[in-house]
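Data first, discussion second: the structure below is written as structure tokens.
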Amino acid sequence: MKINWYLLSSGKLQKQPAPTGWPTGEPGQLGESWFDIEDAEPEELRRFLAPLNIHPLMLDRCVDLAVVPGVISYGRAVLLEFPAVFDREAEGQAYLTFVLQSPVLVTIRHGLMPAINDLVQSLVAEKAPSLSHLVQILYLILDGLTDLSVQAQTEVRDQILRMAKTLNEDPGAIHAGDLTKLRWQVDKLVSLIENQLYCIAGLNASDNEALQEPHRKAYLQDLASEVEIAQRGIYRLEDRVNDLHAYYQMAGSDRVEKRLRILTIVSAITLPLGLIAGLLGMNVGGLPGSKYPYGFIIVIVLMVAIAVVELWYFKRKGWFD
């Protein structure tokens, strides 16, 4: 288990030596501390969180590998399990678990989250913005993760636009597997944004004292409004993918129709030619032109003429369009 310890003092976030377990002293004596935990095994995580004396249900949710998005508030502690990062290729979802019990904030990573590392670097830099309380760090993390969801939505939207352009210019270049993969990505992004909105709404409704100040409530409401806009946007993308799939099916049907039309034309052209060849190929006496020296050439010219006339007729009627 990797533990990153940061101390909030005089508006600055200061990195502390990485502890192997809970630092010496009671949680209330450490000052405003943020513990960011990575690669934790359930039992060692349970031992680390024991000094916080949080509700057993919260503790079980922290160490449970089956993460469920949502908020639990009990006494002075609040637990938030937040879907973190959109990954196009990953089957599972990365989650970030927050445990806030002033003056301690614990974040537990379930999956890779490079965005958190970037945020930490910006907060511990010399010219970092001033921080007033631990809740502000929680807000900054949530804001950064929701911004990544909006960015992922924009990327998927651009991908849909490129695929629609390709489908319009060269339908054969798009395969059913491409649309299936795109639909899976959109469905996954829909689930991510819905879960994020659910978590933020639960945090906004929490009765935890650390979240009750009016300006903090206003920030949560603003964050919820941002995610609601993203949710409406991803629903529109879902409709566009459905339209794209319908257009793909229509283009496929059109290709099949054109091929059948060509086969019909070929059949119509070869039918009279086959009839003539069949009649003249019968092994009976009295066939006209059988003893004429130019009979074969005349028959060939006649068959070519019939084929040319048929092609001209089908072309005139628009069968090749």
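Against the empirical curve 2.2 N^0.38 Å, the C-alpha radius of gyration of segment 94-190 lands at a ratio of 1.54.
Calculated on the alpha-carbon coordinates, the convex hull of segment 165-246 measures out at 84 cubic angstrom per residue.
Ranking 108, 168, 189 by Cα position along the charge dipole of segment 86-193, where only Lys, Arg, Asp and Glu carry charges on their C-beta atoms, puts 108 farthest toward the positive end. Once both labels are positioned 7 Å from their Cα atoms along Cα-to-Cβ, the gap between residue 280 and residue 243 label points is 5.8 nm. Express in whole angstrom the spacing between the alpha-carbon centres of segment 248-307 and segment 178-232. Computed from Cα coordinates, the inter-centre distance equals 68 Å. Of all aspartates and glutamates in the structure, those lying under 17 Å Cα to Cα from residue 181, and not within fewer than 8 positions of it along the same chain, are 87, 89, 91, 155, 158, 238, 239, 243.
For the pair residue 143 and residue 126, the difference between a 0.36 nm per residue extended length and the Cα-Cα distance amounts to 3.9 nm.
Partners of residue 317 within straight-line reach, counting lysines whose Cα lies under 19 Å from its Cα and excluding those fewer than 8 residues away in the same chain: 258.
Sorted into 5 angstrom bins from 0, the C-alpha pair distances of segment 1-85 split as 3, 12, 22, 25, 22, 13, 4, 0 percent. Scattering from the chain was approximated by placing one identical point on each alpha carbon and applying the Debye formula without solvent; log10 I(q)/I(0) at 0.12 1/Å stands at -0.89. Residues of the chain were split at every exposed loop site, defined as chymotrypsin sites (Phe, Trp or Tyr not before Pro) in a DSSP loop with at most 16 other C-beta atoms within 10 angstrom, and the longest piece left, sites excluded, is 1-293.
Annotation: extensible slack from residue 263 through residue 302 equals 11.8 nm (criterion: 0.36 nm per residue apart, minus Cα-Cα distance). With Cα atoms as the point set, the radius of gyration and Dmax of segment 166-306 evaluate to 34.5, 112 Å. Three principal axis extents of segment 260-316 based on alpha-carbon atoms, in descending order, are 39, 19, 10 Å.
For segment 281-321, trypsin sites (Lys or Arg not before Pro) are listed when DSSP marks them as loop and at most 13 other Cβ atoms sit within 10 Å of their Cβ; the list is 291, 317. Helix screen, the chain: DSSP H segments with Cα axial length of 30 Å or more and mean Kyte-Doolittle hydropathy at least 0.5 are 295-316. Applying the Karplus relation 6.51 cos²θ - 1.76 cosθ + 1.60 with θ = phi - 60° to segment 78-85 yields 3J(HN,Hα) values of 9, 10, 10, 10, 10, x, 9, 10 Hz, where x marks Gly and Pro. In terms of surrounding Cβ atoms within a 10 Å radius of their Cβ, 193, 265, 300 rank from fewest to most as 300, 265, 193. The slack between residue 191 and residue 155, meaning 0.36 nm per residue of separation minus the straight C-alpha distance, is 11.3 nm.
Here residue 15 is the anchor, and the lysines within straight C-alpha reach of less than 18 Å, apart from those fewer than 8 places off in the same chain, are 2, 127.
Legend: calculated FRET efficiency, residue 218 to residue 178, from the Cβ-Cβ distance at R0 = 41 Å, rounded to 0.05, equals 0.40.
Only the coordinates and a few stated rules stand behind these numbers; no lab work does. Keep in mind that what you see is a predicted model, and the values were worked out from it rather than measured. Ideal geometry is used to build each Cβ from the backbone, glycine not excepted, and the neighbour counts take in all protein chains shown.
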